[in-house]
Structure formats: structure tokens, C-alpha cells
Amino acid sequence: LNRRLAEFGTTIFAEMSALALRTGAINLGQGFPDTDGPEEVREAAVRALRDGRGNQYPPGPGIPELRTAITEHQQRFYGLGFDPDTEVLVTAGATEAIAATMLALLEPGDEVIAFEPYYDSYAASIAMAGGKRVPLTLRAPDFRPDLDALRDAVTDRTRLLLLNSPHNPTGMVLTREELTAIAELAVERDLIVVTDEVYEHLVFDGEHIPLISLPGMRERTVSISSAGKTFSFTGWKVGWVTAAAPLLTAVRTAKQFLTYVSAGPFQFAVAEALRLPDDYYSAFRADLGAKRDLLAGGLADAGFEVHRPQGTYFITTDVAALGEKDALAFCRALPERCGVVAVPNSVFYDDPEAGRSQVRFAFCKQESVLREAVTRLGRL
Ligand code: PMP
Ligand code: GLN
């Protein structure tokens with residue numbers, strides 16, 4: 001393993017899902033739903049396969065039907081106009097979009113500011129591109145960003161801000177005021193902002209505001225999202241980038257040599273998914289909102305300190321309230337102790353103390369599964 005990747009081992013998601021399989025525990029670790037997305041979207045994938053649409057290399061930037069559906073989605077939900085030919089790119093999930101963006105935009109030694117705890121691929125993608133990550137810690141209980149610290153963190157070497165809202169793992173959702181301050185800073189210091197918006201349709205308190213919609217940001221924002229979370233098909237790995245043509249072209253150049261294209265038939269199905277009526281999106285959010293309340297209540301009853309999320313399908317807790325000090329050790333022992341798997345947030349921080357006793361639970365599971373998990377955790 002080269003020096004750039006030396007610090008990265010097996011991802012925590014793989015470790016904890018393997019532990020769940022081995023022990024038969026309820027998996028509230030890795031964020032994937034235990035119920036697949038809409039039947040008609042699955043049927044659309046089957047139809048595409050059967051009719052021979054997308055079984056051979058689809059166009060590099062993504063099939064035109066999907067790129068158009070992405071622009072319609074951006075218009076419908078945010079009033080944003082994009083050109084499907086020059087401002088939209090289909091990727092192999094948001095993960096590839098993040099990696100391609102880093103590889104396309106960073107020079108060796110460029111600094112990337114990201115809030116920690118961060119989704120684990122950020123650090124690795126920055127490292128693979130030869131960049132330097134500059135973490136800014138979000139602190140419990142509410143995980144609001146410290147905007148003065150952000151301003152101070154910008155140096156002459158800062159190339160990118162990498163934002164994620166709604167934020168995994170904390171559930172924090174950036175407000176219009178915070179986004180406005182970030183946009184002003186980006187314009188002032190001539191920064192590009194990469195926004196990971198994969199949980200855009202999972203905001204329970206407040207609203208999702210794409211940073212690219214704010215003044216001065218249209219030309220300097222790379223927006224990333226994915227079908228995995230919104231439509232409950234995390235295994236399909238269909239994601240996308242929307243950005244002004246010069247930025248999009250750069251990301252597309254890198255993407256060409258990572259995967260060239262992502263799986264064809266799923267692209268046809270996701271194009272249909274994006275066109276689902278508003279009812280789909282609101283029912284999805286309402287369902288997960290109720291599950292947030294169920295799990296948050298259950299965890300609090302079981303003695304966890306609960307940091308109630310405003311968005312995403314994760315709840316961050318603190319197990320210090322249970323007399324536990326170390327989240328990783330706690331999570332490794334949890335299946336044996338009570339038959340539940342969770343993820344330690346501590347691995348998403350560079351500052352080892354900041355998230356030492358934080359543990360994340362996913363609630364994208366059937367209600368009965370969540371109830372059983374809560375019962376088991378109550379026995380701790
Ligand atoms: N960003 C965040 C914040 C995530 O939680 C995830 C996990 N779904 C991803 C990106 C990766 O998404 P995908 O599965 O589409 O690659
Ligand atoms: N995004 C999901 C999570 O945070 C899992 C992604 C992965 O397994 N890489 O749990």
C-alpha cells in the first residue's frame with residue numbers, strides 16, 4: 001500500500017456488517033434500508049435489462065434519459081436549471097463522484113476543508129488525489145459548524161470546501177444563514193465548494209437548500225447526489241454531479257478513467273424513479289421521520305444520550321451516559337452483549353478525543369426491527 005493510503009484499513013462499514021452477519025445481530029450499523037425501493041422502479045430495471053437497453057456500454061456521461069431526469073428533478077425541487085449535456089454527469093454512486101471531483105480539481109498539497117466527523121471516503125479520496133485534509137470539528141450536542149473557525153482555516157493553499165448536508169453521521173442540516181456565510185466566504189476567498197447532498201430528501205426539521213442556489217455559487221459549486229438513499233437502492237450505485245460546465249468537464253475527465261460508465265439498465269430505472277410524484281418523496285420522508293422518533297425515544301429510554309438528528313437516517317448517541325468510554329470497543333462488543341450492531345463515530349474524526357464515545361445507529365429499517373433492537377438495547 002502506498003504512503004497516501006497507508007493510514008486506511010478496512011472501512012468500518014465492512015467491519016461492522018461482517019460482524020452483524022457473523023453474529024446474526026440486528027444491523028443498525030451500515031446505512032442501507034432493509035426494504036428495497038419501489039416495485040415500479042425495480043420493474044423499470046428489469047424491463048431495461050430485458051429490452052436490451054443499457055446492456056452494452058452506455059454513453060460516458062450517463063444516458064440522456066437520466067441526465068434529463070436529473071435536470072427536471074433539480075428544477076422541480078429547487079428551481080435550478082442545468083443543461084443535461086454539459087452540466088450533468090452520472091457516476092457510480094456518490095462515492096465515485098467524490099473521488100472523481102478530488103482527482104479532477106486538486107493539485108498535490110492543496111488543502112480541502114471538511115467538517116468532521118466525516119463520511120469515511122472523504123479522507124481517502126482527498127489522500128488519493130494527493131490533497132491535504134483540514135478537518136473542522138462539529139461538536140455535540142448540536143453539531144453546528146463554527147463559522148469563525150471555518151474562516152480562520154482558509155489559507156492560500158485551500159482549494160476546496162467539502163460540505164455534507166444533511167450530515168452523516170450527526171444528522172445536522174445547514175441553515176440558510178450558515179449556507180449564506182459559507183457562500184460569502186467561498187466568493188471572497190475564491191474557493192470551490194463540493195456539496196454532498198445524498199440525504200437531500202431526508203430532512204425532518206428545516207429544509208434542504210442546495211448551496212449552488214445561493215448568490216455567487218452557481219459557477220463554483222459541485223453538487224453531488226445519489227439514488228441509493230432517496231430510492232432505497234444502495235446496491236445500484238447510481239449517483240450524479242451537477243455543476244457549471246467547466247467544473248463538470250473537469251470531473252467528467254477524471255470519471256472517464258475510473259469507471260468510464262456505471263451500469264446501464266439501472267440508469268433507465270433511476271430516470272423513472274426521479275420522476276415519481278411528490279407523494280413518493282413526502283411519504284418516504286414521513287416514514288423515516290416516524291422511525292427517527294421511534295429509535296430516538298427507544299435509545300433515550302435505554303440510557304443513551306441522544307443527539308436528535310434533523311435529517312439523514314442516522315442517530316448519533318453518546319455512550320458515556322452508559323458509563324462507556326470507547327465507542328469502537330463498545331460497538332465491537334455490542335452484538336455479543338445484546339444482538340445489535342452500530343457504528344462508532346470515533347473513526348470519522350481526526351481528533352481522537354472529539355468523538356471518543358459517540359455511537360451511530362441507522363433507522364432505515366422496518367418498524368418491527370427497530371422495536372426489537374430497542375428492546376434488546378434496553379437490556380444493556
Ligand atoms: N456520502 C454520504 C454522506 C454517504 O452517507 C454515502 C453513503 N451512501 C455516500 C456519500 C455514498 O453514496 P453512494 O452509495 O451513492 O456511493
Ligand atoms: N453511507 C453508508 C453509511 O454511512 C454506507 C456506505 C458504505 O458502506 N460505504 O453507513
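Annotations for the structure displayed:
- Rel. contact order, % - alpha carbon contacts under 8 angstrom, at least six apart, the chain: 25
- The chain, helix-only ellipticity at 222 nm - DSSP H runs n ≥ 4, -39,500 (n - 2.57), divided by all residues, nearest 500: -12500 deg cm²/dmol
- Theoretical FRET efficiency, 1/(1+(r/R0)^6), r = Cβ-Cβ of Phe77 and Ala245, R0 25 Å, to 0.05: 0.70
- With the simple spin-label model, which puts each label point 7 Å out from Cα in the Cβ direction, the Leu1 to Gln366 separation comes to 3.7 nm.
- Dividing the Cα radius of gyration of segment 1-149 by its Kirkwood radius returns 1.02 for Rg/Rh.
- Among beta bridges identified by DSSP and lying wholly in the chain, the antiparallel ones come to about 50 percent.
- When DSSP beta bridges are restricted to pairs lying wholly in segment 142-247, around 35% turn out antiparallel.
- Charging the Cβ of each Asp and Glu at -1 and of each Lys and Arg at +1, and nothing else, the dipole of segment 39-274 about its Cα centre rounds to 620 debye.
- The dipole here belongs to segment 94-139: it is taken about the Cα centre, uses +1 on the Cβ of Lys and Arg and -1 on the Cβ of Asp and Glu, and is about 140 debye.
- Per-pair calculated FRET efficiency, R0 = 51 Å: Asn55 and Leu322 via Cβ, rounded to 0.05: 0.50
- Positive dipole terminus of the chain, leading residue within Ala302, Thr35, Pro64 (C-beta point charges): Thr35
- Just so you know, the Cα atoms of segment 39-274 work out to an Rg and Dmax of 17.2, 56 Å.
Taken together, the values in this text are just the output of simple stated rules run on the coordinates, not laboratory data. Since this is a predicted model, take the numbers as computed values, not measurements. Note: ideal-geometry Cβ built from the backbone for every residue, glycine included; neighbour counts use all protein chains shown.
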